[in-house]
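Enquirer: Supplied in structure tokens, the structure appears directly below.
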Amino acid sequence: MRSLFFLGALFGLALLLQVTLAGMISLWGAVPDLVLLPVVFHGLWRGSREGALWGFAAGLGKDFLCGHYLGLSALSLSAAGYLAGWAESRLYKESTAVALLTTLGCSLASQLIYYPLLFFVGVKVPLVTAVVRVILPTAVYSAALVPLFYPLFSRLYQRGWMGSG
Amino acid sequence: MAAGKKVFLLVLLLALTLYLMRVSAFGPRGEAPAGGAVRDLLAPLQQGLTWLGEGARKALSFPVSLVHASRRAEELSRRVAALEGELLSAREYRLENERLKQLLDYKSGPAAAAGLEVRAAAVIGRDPGSWFATITINRGRAHGVAENMTVLTPRGLVGRVIGAGEHSATVLLITDPRSAVGALIQETRTPGLVEGEAGGTGRLHMIHIPNDQPVQEGQVVVTSGTGSLFVKGVPIGQVTRVKRDSTGLFLEAEVKPFVDFNRLEEVLVVTGVRSP
């Protein structure tokens, strides 16, 4: 129950920061995905099922708060959480470098899922523009923030604040 | 005898003293001849005594001065911090004042001349992602703001309202990939459609420009108004590059918007257009 409360609060905080702060720290138009980070971290520590579930919930919250197409972020973040969970039993998850690379990969995958979904809702973006201007910069920027947050998250998971594994 | 000897010694001492007084006096021709020698002789001693005295004075007054200096430094630090805060606030107010004055000048000048009824609004939020470009403003239906109203600044077109709440509204920026604005090249009246680009690049593309109507770099693009949601004649940007599109049937131009979308803080919503 306590871990559920903490996870909810954590994802709520990430959503709040994404909506209020992320736009202000954009670099050359790229905005870091602050919601993706806890989704990947959670998947990395708790496996695919939980990663996908929390990714979906957080994505839905993001869609709702941003006033865009409901389900767009939910699906892409759910995929990111699932992929991170795949790495849970295969990689050394205590390492920040592993978390960074996993975040980079999951962010790329998440954005590559987001891209065709945009076509699905009628938004056409040229592939080169999407990759060069959005997908790569967002993935790199988000992954670059991992060393700032992952050590703290890692400790919280190790101490059982985010539920037992 | 003894008394005579004493008097003699006294007189001798007096004479010697007087002599010394005489030779050490500061005469009309400058320093007395023995002055330099005496001073040189006494200088090391004087220097030593002065050094000791100064050291003693400092040693005695140091703790007191330290307390004073510490209090003074603390007081000055507080004052500096307070003044820096005031300076920043003043600078912020000055900049805000300049921006609002520009909006006011535009509202009562060019906008009024063009028959536009505008309402100023502050930008209170931005799209939190990289794909889309929207802003949230602090004016809504309660202030006469409705969907599809044109949003601009004195520099040029910003976008249009796509959602209006009671006290806030969402504006789709012209840099959003979902945005399309009917436009004209100001000089030649060549028509086209200005679209945004994903990724917050702030770049625009003017597409569907007829092949036979040359477009040149530096030309200004304005809203066409015809069959469009946007009011006519609002500056959009300047052509920076022209090329043929993939079909070969039309020209395509890259347009640099006049508005700096990263520094957008106040905007004007066109709430009505008066007939001339």
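All of the numbers you see were taken from the coordinates with simple rules; none came from a lab. On a predicted model such as this, the values are computed, not experimentally measured, just so you know. Here the Cβ is made from the backbone with ideal geometry for all residues, glycine too, and neighbour counts use every protein chain on show.
Enquirer: Mind checking B:202-210 for the average number of partner chain beta-carbons within 10 Å of each residue's beta-carbon?
Expert: For peptide B:202-210, the averaged partner shielding equals 1.
Enquirer: Can you quote the Å³ per residue value for the convex hull of the Cα atoms in region B:162-241, rounded to an integer?
Expert: Taking the convex hull of the Cα positions in region B:162-241, it is 104 Å³ per residue.
Enquirer: Additional query: Which whole number gives the average, over all residues in A:124-131, of C-beta atoms from other chains lying within 10 Å of the residue C-beta?
Expert: Per residue, the number of nearby Cβ atoms from other chains is 4 on average.
Enquirer: With only Lys, Arg, Asp and Glu charged, each at its Cβ (+1 for the first two, -1 for the last two), find how big the charge dipole of the protein assembly as shown is about the Cα centre; round to the nearest 20 debye.
Expert: 1560 debye
Enquirer: What does the convex hull of the alpha-carbon atoms of the protein assembly as shown project to on average, in nm²? Don't skip to the answer; put the middle values down first.
Expert: Working: hull surface 182.1 nm².
Averaged projected hull area, Cα only: 45.5 nm².
Enquirer: Could you pull out the trypsin sites (Lys or Arg not before Pro) across region B:174-276 that fall in loop regions by DSSP (anything but H, G, I, E, B) with no more than 12 other Cβ atoms inside 10 Å?
Expert: B:Arg189, B:Arg274
Enquirer: Would region B:93-152 count as rounded, prolate or oblate if I go by the C-alpha gyration tensor, calling it rounded below 1.5 in a/c and otherwise prolate when a/b exceeds b/c, oblate otherwise?
Expert: Oblate, since a/c reaches 1.5 and b/c is not below a/b.
Enquirer: Which is the longest part of chain A that has none of the chymotrypsin sites (Phe, Trp or Tyr not before Pro) sitting in a DSSP loop with at most 11 other Cβ atoms within 10 Å?
Expert: That would be A:93-165.
Enquirer: Here's something else I'd like to know. Taking 0.36 nm per residue of separation and subtracting the Cα-Cα distance, what length does fully extending B:Ala3 through B:Arg141 add?
Expert: Working it through step by step, the gained length comes to 37.4 nm.
Enquirer: On to the next question. Just want the answer: with Cβ charges of +1 for Lys and Arg and -1 for Asp and Glu, which residue in A:Gly105, B:Leu251, B:Ala90 is farthest toward the dipole's positive end in the protein assembly as shown?
Expert: Sorting the options by dipole projection puts first B:Ala90.
Enquirer: Which whole number gives the average, over all residues in A:134-143, of C-beta atoms from other chains lying within 10 Å of the residue C-beta?
Expert: Values: counts 9, 4, 1, 3, 4, 0, 0, 1, 1, 0.
Mean inter-chain Cβ contacts per residue within 10 Å come to 2.
Enquirer: Further question: Rg and Dmax of chain A, Cα atoms, in Å?
Expert: Every Cα atom of chain A included, Rg and Dmax give 14.8, 46 Å.
Enquirer: Related question: Per q in 0.21, 0.24, 0.32 Å⁻¹, report the Debye log10 I(q)/I(0) for region A:98-146, using one uniform scatterer on each alpha carbon and no solvent.
Expert: Log10 of I(q)/I(0), two decimals: -0.68, -0.81, -1.12.
Enquirer: Going through region B:237-276, which GluC sites (Glu not before Pro) have at most 15 other Cβ atoms within 10 Å and a DSSP loop state? Kindly include the intermediate steps, with their values, before the conclusion.
Expert: Numbers: sites: B:Glu252, B:Glu254, B:Glu265, B:Glu266; in loops: B:Glu265.
In loop regions of region B:237-276 (DSSP not H, G, I, E or B), the sparsely surrounded GluC sites (Glu not before Pro) are B:Glu265.
Enquirer: Shape call for region B:127-208 from the C-alpha gyration tensor, a ≥ b ≥ c root eigenvalues: rounded (a/c under 1.5), prolate (a/b greater than b/c) or oblate?
Expert: oblate
Enquirer: With bins 5 Å wide starting at 0, give me the P(r) of region B:118-273 over every alpha carbon pair, in whole percents.
Expert: Using 5 Å bins, I get a P(r) of 2, 10, 20, 22, 19, 13, 7, 4, 2, 0 for region B:118-273.
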